[in-house]
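Scroll down for the structure; my scribbles are underneath it.
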Amino acid sequence: MKKFISTALSCIFLLYPFAVYFLLDHTSTRSFGLLLLLILAGRYYFIKDKLSMKQQLLLLVLAVLFFLLLFLMNSIIVLKLYPVLINLGLLFVFIWSVIYPPTIIERIARLQQPNLSTKAIAYTRNVTLVWSGFFFINLTISALLALFGSFKAWTLYVGLISYLLIFTLMGLELLYRHLYIKPDET
């Protein structure tokens, strides 16, 4: 049941841009923010054990700042900046793991293969850097659309295009790994 609830909360976040787009005609920005806060608190409960204390602290600080800003400004732009904060948080976590290894990608790889070679560790570091670059580009585009783009363009990018880019990057990395890295090299 715990896994189901965690998965359901994750799926809710995938629909966030569309929820903002469609629900704000029916509720206030602050009410929507309160609902988001409750969902985030539930999601945090399920992931906190997988993060270091510093990573948890960063996520909590970002969340507090976001909700303070939302409730003080009562602005839809703040709601539109939420994906920017998510990408900023992911960028920080990934870069932090490069500076203080093991990297996030290495940790994921070790779930399938606990004994990684030196070459595989270097590869996972590079993949972590690629994801860091992706998160930086994604947060930049999301921020520009939140601040200067139309509501429809923002919704389309953060609700669909950015997910397609994520799946494309995952697919390309998986394809590269299977085509160019021999099983005995990992």
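The values are calculated or read from the model by the stated rules, or taken from the named source; none is laboratory data. Please read these numbers as outputs of a predicted model, since none were measured by experiment. Cβ sites come from the backbone with ideal geometry, for glycine too, and all protein chains shown count toward neighbours.
Checked against the criterion of being out of contact with any strand residue (DSSP E or B) (no Cβ under 8 Å at 6 or more places or on another chain) and more than 20 Å from residue 38 (Cβ to Cβ), the stretch 64-71 contains not a single residue that satisfies it.
Each residue in the stretch 129-174 was checked for being in a helix (DSSP H, G or I) and farther than 28 Å from residue 106 by Cβ, and 17 pass. Entry remark, the stretch 102-132: residues being surrounded by fewer than 15 Cβ atoms within 10 Å (Cβ to Cβ), modelled with pLDDT under 95 and of a type outside the set (A, V, I, L, M, F, W, C) number 8 in total.
Meeting the requirement of 3 or more residues that are farther than 27 Å from residue 150 by Cβ and in contact with a helix residue (DSSP H, G or I) (Cβ under 8 Å, 6 or more places away or on another chain), the helices (runs of 4 or more DSSP H) wholly within the stretch 1-95 are 2-14, 29-47, 53-73. Scanning the stretch 47-89 for residues that are within 23 Å of residue 133 (Cβ to Cβ), hydroxyl-bearing (Ser, Thr, Tyr) and modelled with pLDDT of 85 or more yields a single hit, 82. Just to be sure I understand, how many residues within the stretch 155-175 are more than 17 Å from residue 82 (Cβ to Cβ), loosely packed, with under 14 Cβ neighbours inside 10 Å and not hydrophobic (A, V, I, L, M, F, W, C)? Residues flagged as more than 17 Å from residue 82 (Cβ to Cβ), loosely packed, with under 14 Cβ neighbours inside 10 Å and not hydrophobic (A, V, I, L, M, F, W, C) within the stretch 155-175 amount to 2.
Results for (1) surrounded by 16 or more Cβ atoms within 10 Å (Cβ to Cβ); (2) under 25 Å from residue 100 (Cα atoms); (3) of a type in the set (Lys, Arg); (4) touching a residue at least 24 places away in the same chain (Cβ under 8 Å), shown as yes or no for each residue.
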residue	(1), (2), (3), (4)
3	no, no, yes, no
16	yes, no, no, yes
22	no, no, no, no
25	no, no, no, no
41	no, no, no, no
65	no, no, no, no
69	yes, no, no, no
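Listed by first and then second residue, the pairs with beta-carbon distance under 6 Å, at least 6 apart or on different chains, first residue in the stretch 133-154 and surrounded by 13 or more Cβ atoms within 10 Å (Cβ to Cβ), second of a type in the set (Ser, Thr, Tyr) and assigned to a helix (DSSP H, G or I), are 138/162; 145/157. The lone criterion from (1) under 22 Å from residue 143 (Cα atoms); (2) exposed (fewer than 14 other Cβ atoms within 10 Å of the Cβ); (3) among the charged types (D, E, K, R) left unmet by residue 80 is number (2). Within the stretch 101-135, being in contact with a Leu (Cβ under 8 Å, 6 or more places away or on another chain) and of a type outside the set (Asp, Glu) holds for 109, 110, 124, 130, 131, 132, 134, 135.
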